[in-house]
1. Does the stretch 101-138 hold any residues that are in a helix (DSSP H, G or I) and in contact with a Phe, Trp or Tyr (Cβ under 6 Å, 6 or more places away or on another chain), and which are they?
2. Quick one: which residue in LEU184, LEU161, LEU172 is open to solvent by 10 Å² or more (accessible area, probe 1.4 Å) and in contact with a Phe, Trp or Tyr (Cβ under 9 Å, 6 or more places away or on another chain)?
3. So how many residues does the stretch 134-152 have that are touching a helix residue (DSSP H, G or I) at 6+ places or on another chain (Cβ under 9 Å) and open to solvent by less than 20 Å² (accessible area, probe 1.4 Å)?
4. Of LEU95, LEU106, which residue is away from the ligand (no atom under 16 Å from the Cβ), of a type outside the set (Lys, Arg), open to solvent by less than 10 Å² (accessible area, probe 1.4 Å) and touching a Pro at 6+ places or on another chain (Cβ under 9 Å)?
5. Please go through the stretch 35-80 and give me each residue that is of a type in the set (Gly, Ala, Ser) and open to solvent by 40 Å² or more (accessible area, probe 1.4 Å), ordered by number.
6. Only residues in the stretch 17-34 that are farther than 9 Å from GLY158 by Cα and open to solvent by 70 Å² or more (accessible area, probe 1.4 Å) count as the first member; pair them with residues that are of a type in the set (Gly, Ala, Ser) and at pLDDT 95 or above, Cβ under 6 angstrom, at least 6 apart or cross-chain, and list the lot.
7. Tally up the residues in the stretch 273-313 that are within 15 Å of GLY206 (Cβ to Cβ), among the small types (Gly, Ala, Ser), in contact (Cβ under 8 Å) with a residue 40 or more places away in the chain and assigned to a loop (DSSP other than H, G, I, E, B), please.
Amino acid sequence: MTAPGARRRETALAYSGGTIDRASNLRTDPAWVDATLAAAGTRVIPVWQDRCIVSGDPAVPVILPASGAGAILEASVETVFLGLDDGAGLFAAELSPLEGSRAVELAGGERALDVRAFVSVLAPPEAALLGYARGLLYWHRHQQYCGTCGSRTSSGHGGHLRSCQDEGCARLHFPRVEPAVIMLVESAEPPRRCLLARHRGSAPDGFSTLAGFVGVSESLEDAVRREVAEETGVLVGTVTYQGSQGWPFPSGLMVGFRATAVTEAVTADGEEVLEARWFTRGQLTELAAARGRLGREDSIGRYLLHSWLEETG
Ligand SMILES: [Zn+2]
């Protein structure tokens, strides 16, 4: 993994670039998972109520050798296999039922901290790993019962499957991700401008990219067109994929697009979006200078905005 503290560029995506081998063909064998947990070099990430256990300032996440994590593995209510890092096993241990102070003490850390609170000092692959641990354990906590028959479920495949324990049902549940689209809408006519919106609850100058969840039986491109039209009244034509970002807060996948407007008249919906405006590159640069940043530090929205600003023309 990349050394902690390696800062990413403005256009690098947080929680992306995970470098571990998820070994999905091996983790289906429980004997292999058990042997990997017991192997020399295997490490364990303790997680308490969606938070890492950390030490120091800036925070460094606690990741322990499994050989010295007996008390954690004993206290863990769900130990899941994450993958192999240079051949060595990586697991996450769920400590949420414990008192927070007890979880921190067991892990030998100083405090519990959400990965989003210290993502700025993490390299993207490290943030991806911590987010992966958080997201997978969150799923386990919320899939304890079968959605079909209500019976208890049990974990399998190293923590990547939960099976209904009712023999007549036996439904298999796999971790879910919920896709959302996020888009930078660009004007078709010069001067080139982008459409940003101020959402309910944001600061008076808190303009950001548009975003929304994908509907049932809806393509990503159609979701982009629908969300932009609903929130701003602007119609868009061409929709081009820009990149994606795992977003385990708690179970999202952000899919980023550039979209070209075919109309320019703006009508904010007044519900989710209080105001929407077109910005030239100069105006966006001024906004960035006034606010000290564009978008949330770890968001793909920031990536879309900075990528657009860095282009010429
Ligand atoms: Zn069931």
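1. Listed by number, the residues that qualify are ALA103, ALA127, ALA128, GLY131.
2. That would be LEU161, the only listed residue that is open to solvent by 10 Å² or more (accessible area, probe 1.4 Å) and in contact with a Phe, Trp or Tyr (Cβ under 9 Å, 6 or more places away or on another chain).
3. Within the stretch 134-152, residues that are touching a helix residue (DSSP H, G or I) at 6+ places or on another chain (Cβ under 9 Å) and open to solvent by less than 20 Å² (accessible area, probe 1.4 Å) number 3.
4. Selected residue: LEU95, the only one of LEU95, LEU106 that is away from the ligand (no atom under 16 Å from the Cβ), of a type outside the set (Lys, Arg), open to solvent by less than 10 Å² (accessible area, probe 1.4 Å) and touching a Pro at 6+ places or on another chain (Cβ under 9 Å).
5. ALA35, ALA38, ALA39, ALA40, GLY41, SER67, GLY68, GLY70, ALA71
6. ASP21/GLY83; ARG22/GLY83
7. Residues flagged as within 15 Å of GLY206 (Cβ to Cβ), among the small types (Gly, Ala, Ser), in contact (Cβ under 8 Å) with a residue 40 or more places away in the chain and assigned to a loop (DSSP other than H, G, I, E, B) within the stretch 273-313 amount to 2.
The values are calculated or read from the model by the stated rules, or taken from the named source; none is laboratory data. Here the structure is a predicted model, which means the values were calculated and not measured. So basically every Cβ, Gly included, is an ideal-geometry build from the backbone, and we count neighbours across all protein chains shown. Remember, those area values only see protein heavy atoms, side chains included, never the ligands or the DNA or RNA. Shrake-Rupley method; radii C 1.70, N 1.55, O 1.52, S 1.80 Å.
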